[in-house]
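These notes are about the structure you will find just below.
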Amino acid sequence: MRTFLFLGTLRRTLAVGAATVAALTLTAGAALADDPAPPRGVVGGTPAQQGEFPWMVRLSMGCGGALYTKQIVLTAAHCVSGSGPNTSITATAGVADLNSSQAVKVKSTEVIQAPGYNGSGKDWALIKLARPVDLPTLNVADTTAYNEGTFTVAGWGADREGGSQQRYLLKATVPFVDDTACQQAYGNLIPGEEICAGYLDQGGVDTCQGDSGGPMFRRDAAGAWIQVGIVSWGQGCARPHYPGVYTEVSTFASAIKSAAASLSG
Ligand code: ARG
């Protein structure tokens, strides 16, 4: 079963006001003062530096995203409710600390959910912003060449399974898991549309609820960051034998490009 469907619904229910959700989750985090675990997250992550991943975006429905252009955010299809005009989403950009006074906040104007998206596979969407932001963008892999190696993930999602959303951006690195091994774990992988990553035997490091839509990325041959995945789903978070499942960005690079062109006009 794909846990994101349930949590996506839950999040949309809660996301009446993102500020309310943030306040509630931050309060919940503070209330867990007797929890011996230090506040680390993605799961098993460490804080990102301000400016380290300048194209990272937090979306008000409780997802992550990355700047595809200065005015278009690439996120997950399961983070949005469909395609069309949409002014209900606020993107927070330019900060690792969501409460920073330097945060750039821009509303959405339009959404394109992946054509044919039906809840499994094709987990990508574009969100057009009301104005361009003056921040770097993240290149998208358009070949399979980078679908291997070690990846970086980042997000403001839960720092452990069932944990609270984070104020400070967290990052972690996770190794590629091949389709055969990932299919053995899940049975319902869509190998041409999904790419897995995580520590198969140990677990301990993973994305988690609220990281959805955010990028999984690595360095390309020229040393630039390139996006290879979009946080999509997993069984729990950071469990041994259950790697994280990400949208295989290279598969959809041309569809994303043409969708973005249709938004730009
Ligand atoms: N579906 C989750 C979300 O909506 C992301 C889950 C990722 N899970 C994982 N084990 N990597 O935020």
Self-check item: FRET efficiency, Q183 to K257 (Cβ-Cβ, R0 41 Å, nearest 0.05)
Solution: 0.90
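Can you divide the C-alpha Rg of the range 103-178 by 2.2 N^0.38 Å and report the result to two decimal places? Each step should come with its number before you reach the end.
Values: Rg = 15.8 Å, N = 76, 2.2 N^0.38 = 11.4 Å.
Output field value: 1.38.
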Quiz item: So what are the ³J(HN,Hα) numbers for the range 177-186, from phi and the Karplus equation (6.51, -1.76, 1.60; θ = phi - 60°), rounded to whole Hz, Gly and Pro as x?
Solution: 10, 6, 4, 4, 5, 5, 5, 5, 6, 10
Quiz prompt | Contour excess over end-to-end distance, with Cα ends at V104 and T69 and 0.36 nm allotted per residue | solution = 11.1 nm
Quiz item: What is the log10 of I(q)/I(0) for the range 36-111, computed with the Debye formula using one identical point scatterer on each Cα and no solvent, at q = 0.12, 0.24, 0.25 Å⁻¹?
Solution: -0.37, -1.19, -1.26
Practice problem: Using θ = phi - 60° and the Karplus relation 6.51 cos²θ - 1.76 cosθ + 1.60, list the HN-Hα couplings for the range 159-164 in order, rounded to whole Hz, with x at every Gly or Pro. | Solution: 8, 6, 4, x, x, 8
Practice problem: Bin width 10 Å, alpha-carbon pairs only: give the P(r) of the range 58-203 as whole percents, running from 0 to the bin holding the largest distance. | Solution: 10, 34, 39, 16, 1
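Quote to one decimal, in nm, the extra length available between E52 and A145 on full extension: 0.36 nm per residue of separation minus the C-alpha distance between them.
Values: separation 93, 0.36 × 93 = 33.48 nm, distance 2.41 nm.
Answer, rounded to one decimal: 31.1 nm.
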Quiz item: How do 189-197, 85-93 rank on mean C-beta neighbours within 10 Å, highest first?
Solution: 189-197, 85-93
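What per residue convex hull volume, in Å³, comes out for the range 125-167 when only alpha-carbon positions are used?
Values: hull volume 7.6 nm³, N = 43.
Given the Cα convex hull of the range 125-167, per-residue volume reads 177 Å³.
Hey, can you find the accessible area per residue of the range 142-187 for me, probe 1.4 Å, expressed in square angstrom? Working shown, then result.
On the way: 2070 Å² over 46 residues.
Roughly 45 Å² per residue, with all protein chains present.
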Quiz item: Three principal axis extents, largest first, for the C-alpha atoms of the range 218-265, in Å?
Solution: 45, 27, 15
Quiz item: When the convex hull of the C-alpha atoms of the range 163-244 is computed, what volume per residue in Å³ does it have?
Solution: 103 Å³
Quiz prompt | Scattering curve values for the range 118-265, log₁₀ I(q)/I(0), Debye with Cα scatterers, q = 0.10, 0.11, 0.14, 0.15 Å⁻¹ | solution = -0.33, -0.41, -0.66, -0.76
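Report the full-extension gain for the segment H241 to L135: residue separation times 0.36 nm, less the Cα-Cα distance, to one decimal in nm. Before the final figure, lay out each step's value.
Values: separation 106, 0.36 × 106 = 38.16 nm, distance 3.74 nm.
Between H241 and L135, full extension yields an extra 34.4 nm.
The values are calculated or read from the model by the stated rules, or taken from the named source; none is laboratory data. Since the model is a prediction, treat every value here as computed from it, not as a measurement. Cβ: placed from backbone, ideal geometry, glycine included. Neighbour counts: every protein chain shown. Just so you know, the surface numbers come from the protein's heavy atoms only, side chains and all, with ligands and any DNA or RNA stripped out. Shrake-Rupley method; radii C 1.70, N 1.55, O 1.52, S 1.80 Å.
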